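Structure first, commentary second.
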Amino acid sequence: MDDEAAIAPAAALFRALGDPARLLIVQHLFRGPHRVRDLTDHLGLAQSTVSAHVACLRECGLVDAAPDGRSTRYSLSQPERLTALLGATEDLLAVTGAAVTLCRHLRGAHVPDTAGDDEAAR
């Protein structure tokens with residue numbers, strides 16, 4: 001297996017968690033199981049948007065689904081491992097956060113521009 005194929009699953013995982021809405025959904029699921037309707041109310045996003053993000057997280061194996069009457073409740077499939085990953089992320093951001101936020105390559109990827117000069121950086 002070549003190097004690119006070997007890292008493809010990790011890259012896909014980081015893309016799945018790299019969307020701000022999906023990361024917010026994961027944060028809400030740490031509080032316990034939620035229906036799409038609950039997440040829609042919490043996040044103020046359209047139901048179709050939340051459903052699409054939850055589907056992505058399910059396909060990645062990060063979220064489980066359980067029937068609940070006529071709806072479905074979603075929960076984290078690996079909460080302990082996600083806790084460890086997000087904890088490591090917080091630790092890394094503590095030492096690199098400003099660099100990540102200011103990185104001109106990531107600003108186009110939903111990272112807010114805190115440098116105040118977005119046009120000059122492009």
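The values are calculated or read from the model by the stated rules, or taken from the named source; none is laboratory data. The structure presented is a predicted model; accordingly, all values stated were derived computationally and were not measured. No Cβ is skipped: glycine too gets one built from the backbone with ideal geometry, and neighbour counts run over all protein chains shown. Only protein heavy atoms, including side chains, enter the accessible area calculation; ligands, DNA and RNA are left aside. Shrake-Rupley method; radii C 1.70, N 1.55, O 1.52, S 1.80 Å.
Descriptive notes on the structure:
- Qualifying residue in the stretch 96-103 (condition: surrounded by 13 or more Cβ atoms within 10 Å (Cβ to Cβ), touching a Leu at 6+ places or on another chain (Cβ under 8 Å) and of a type outside the set (A, V, I, L, M)): no
- Test: residue in the stretch 60-67 that is in a helix (DSSP H, G or I), open to solvent by less than 80 Å² (accessible area, probe 1.4 Å) and without any contact (Cβ under 8 Å) to a residue 60 or more places away in the chain: no
- Filter result for residue 12 (within 22 Å of residue 85 (Cα to Cα), surrounded by 11 or more Cβ atoms within 10 Å (Cβ to Cβ) and touching a His at 6+ places or on another chain (Cβ under 8 Å)): no
- Taking the stretch 1-49 and the helices (runs of 4 or more DSSP H) fully enclosed by it, the elements with 1 or more residues that are in contact with a Ser or Thr (Cβ under 7 Å, 6 or more places away or on another chain) are at 20-29, 36-43.
- Exactly one residue among 120, 55 is loosely packed, with under 15 Cβ neighbours inside 10 Å, at pLDDT 95 or above and either small (Gly, Ala, Ser) or not in a helix (DSSP H, G or I) (or both), and that residue is 55.
- Answer residue from the stretch 24-33, given it is without any contact (Cβ under 8 Å) to a residue 24 or more places away in the chain and open to solvent by 60 Å² or more (accessible area, probe 1.4 Å) and is farthest from residue 48 (Cα to Cα) among those: 31
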